[in-house]
Amino acid sequence: MPATGDGRAPGAASLSGAHHGASVDHARNRPHATGSATAAPPIPHPRPRTGNLPAAADAPAAGGTAPLKLLVIEDDASDAQLIKAAVADSGTSIEIHWARGLEQAGELLAVPSHGPRRGRSRGSEFSCVLLDLAAPADLPHPSDDSDGLEGLHELLRRAPHTAVVVLTDAAGAELGAAAVAAGAQDFLIKHETDGPLLARALRYAVERKRADESQRRLVEAELRGQENARLQRHLLPTPLLDGAGLSFTRRYRPGRRRALLGGDFYDAVRTDDGTVHVVIGDVCGHGPDEAALGVALRIAWRTLVFAGLTGEALLTTLQHVLEHERRSDEIFATLCMLVIEPGGASGDLGSLGAGEQARLYLAGHPAPLLLGRDHPPVTLPADLAGPALGLLPCYDGQAAWPAHQLELQPGWRLLLYTDGLIEGRVGAGSRRLGQDGLADLIGDHQSAGLTRGRLVDSAIAEVEELNGGALTDDVAVLLLERNPVQLILG
């Protein structure tokens, strides 16, 4: 039984060489053998032939299928003739090109001047290379510590996307296995390989290379996806509320498929004076540009808050940021900002039962819901709402965002959200959920005893159920709650 190797190797390095011209020849076109289920890729019409191996036939391949294009690197003309004869006897359509060494092969392996075809990777148009390891490597700078694989290493460097099968003599089986470990797809023992075995090994090598390339691209895509996911996760904020005595529940769902970040943004921080600042916003649109703009606005908002800005001065500056960062004058952003003054939650006996003062700023954004224990959810007033950021110029006073003063009773809870949560449809018609519908829905879930994360998750789930499927717009939801003060009586 003729001997052959069956090892697999990892992908080769990603550099290709470039040289021109070599003598070529073609083997007899015969019907395909039944070795591989997948045909070789389409190959353009061959160039005019001149060469050292006579063509065995000029008829087209059976069924019009292009032959496997093989480059044989062999310095011995008699061995090259034996390979040609084995191919002719294999019954497989294989187009043979012959090179006496790597330098001559490099001219054939060079990328054609007209460039790669659409949908094909850059590299030679050969399906496979059959390399005799005994052939001189004819390298310009040979290595001192030779391992017998210098020619293979150079070949893999020049043609990283082409399948390689190596030939060894009977005593070189270990060298053949080392060649497979170095990147070849298979090895054959010279003078013990007949035509069918050679054809089958070449076909299998091509399919193994395709599988390896597909696996490599899949791994690269997975790594890019993981890197993008980590990047987007780091772009989502970590609220800075230490010492605020607040419970902060947030949910974020971008409308784009397979995305972790959308145009919605949110943040919450507590400054040194004890004031809590909360923001939620929505950049119009759903693409990566809008997601990047949302991140820029959130980071700018946090920076401005820690710099001491608040109220209309902060919103005016934020609009200037938007105007400079947006890619089009039609891009705008809605925003809801809440500023909760310190006091009433310190835990002192004198502050128990006292309310807290807050200021609400709306820039074209839906007003939050105030959730109570003794009353259904109430939508906060929006009569003082100003325009969305970026719609009107603020240098002439057209854009203004006055504050609405609030008094929050002990144990208050506020639900802030973007319009993606209320613009879903209700049933098959055109009716939208709206703010009133959301208030009723939240009230029903509160009555069922749901709180915090369970309340938010169940509400989003029902909104999607009413919509008949996932929401297409970005959704951000924040539930901010004053933790009750624990009073211990002795």
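The values are calculated or read from the model by the stated rules, or taken from the named source; none is laboratory data. If you're wondering where the values come from, they're calculated on a predicted model, not measured in any experiment. Neighbour counts run over all protein chains shown; Cβ positions are idealised from the backbone, glycine included. For the accessible areas, the whole protein counts, side chains as well, though only heavy atoms, and no ligand, DNA or RNA atoms are used. Shrake-Rupley method; radii C 1.70, N 1.55, O 1.52, S 1.80 Å.
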inquiry  = The conditions are (1) in a loop (DSSP other than H, G, I, E, B); (2) modelled with pLDDT of 80 or more; (3) open to solvent by less than 40 Å² (accessible area, probe 1.4 Å), and GLY115 fails exactly one of them. Which is it?
reply    = (2)
note = Flagged pairs (Cβ under 8 angstrom, 6 or more apart or on separate chains; first in segment 412-426, on the phi < 0 side of the Ramachandran plot; second among the polar types (S, T, N, Q) and assigned to a strand (DSSP E or B)) are THR418/THR334; ASP419/THR334
remark   = Flagged in segment 89-102 as more than 13 Å from LEU131 (Cα to Cα) and open to solvent by 10 Å² or more (accessible area, probe 1.4 Å), in numbering order, are ASP89, SER90, GLY91, GLU95
ask   = In the list GLU465, GLU407, which residue meets the criterion of being more than 21 Å from GLY281 (Cα to Cα), open to solvent by 60 Å² or more (accessible area, probe 1.4 Å) and part of a helix (DSSP H, G or I)?
value = GLU465
query = Any residue at all in segment 218-234 that is among the basic types (Lys, Arg) and either modelled with pLDDT of 80 or more or under 24 Å from VAL87 (Cβ atoms) (or both)?
reply = no
note = Taking segment 348-392 and the residues there that are at pLDDT below 95 and charged (D, E, K, R), the one that is surrounded by the most Cβ atoms within 10 Å (Cβ to Cβ) would be GLU356
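Working carefully through the options ARG200, ARG208, ARG256, ARG250, find the one that is of a type in the set (D, E, K, R), part of a helix (DSSP H, G or I) and either open to solvent by 70 Å² or more (accessible area, probe 1.4 Å) or at pLDDT below 85 (or both).
On the way: ARG208 fails: either open to solvent by 70 Å² or more (accessible area, probe 1.4 Å) or at pLDDT below 85 (or both); ARG256 fails: part of a helix (DSSP H, G or I); ARG250 fails: part of a helix (DSSP H, G or I).
After applying the criteria, what remains is ARG200.
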note = Output for Cβ contacts, cut-off 8 Å, separation at least six or different chains, first residue within 22 Å of GLY287 (Cα to Cα) and open to solvent by less than 10 Å² (accessible area, probe 1.4 Å) in segment 313-328, second part of a helix (DSSP H, G or I) and of a type in the set (Phe, Trp, Tyr), reads LEU318/TRP301
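Looking at GLY294, GLY287, GLY245, which one is touching a residue at least 12 places away in the same chain (Cβ under 8 Å), more than 19 Å from PRO368 (Cα to Cα) and open to solvent by less than 10 Å² (accessible area, probe 1.4 Å)? Give the steps one after another, and end with the answer.
Values: GLY287 fails: open to solvent by less than 10 Å² (accessible area, probe 1.4 Å); GLY245 fails: open to solvent by less than 10 Å² (accessible area, probe 1.4 Å).
Criteria check complete, one pass: GLY294.
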ask   = Going by the structure shown, is ARG158 at pLDDT 85 or above, under 41 Å from the mean Cα position of the chain (by Cα) and not hydroxyl-bearing (Ser, Thr, Tyr)?
value = yes
task = Determine whether GLY427 is in a loop (DSSP other than H, G, I, E, B) and of a type in the set (Gly, Ala, Ser).
result = yes
message = Condition check: out of contact with any helix residue (DSSP H, G or I) (no Cβ under 6 Å at 6 or more places or on another chain) and modelled with pLDDT under 90. Does TYR395 satisfy that?
response = yes
ask   = Is segment 340-347 home to any residue that is modelled with pLDDT of 95 or more and of a type outside the set (Asp, Glu)?
value = yes
note = Checked pairs for segment 190-216, first at positive phi, second surrounded by fewer than 18 Cβ atoms within 10 Å (Cβ to Cβ) and acidic (Asp, Glu), C-beta under 8 Å and 6 or more apart or across chains, list as HIS191/ASP169
task = Select from segment 163-196 the residues that are modelled with pLDDT under 90, among the β-branched types (Val, Ile, Thr) and crowded, with 23+ Cβ neighbours inside 10 Å and list them in ascending order.
result = THR168
inquiry  = Condition first: in contact (Cβ under 8 Å) with a residue 60 or more places away in the chain, basic (Lys, Arg) and open to solvent by less than 30 Å² (accessible area, probe 1.4 Å). Can you find one or more residues in segment 444-452 that meet it?
reply    = no
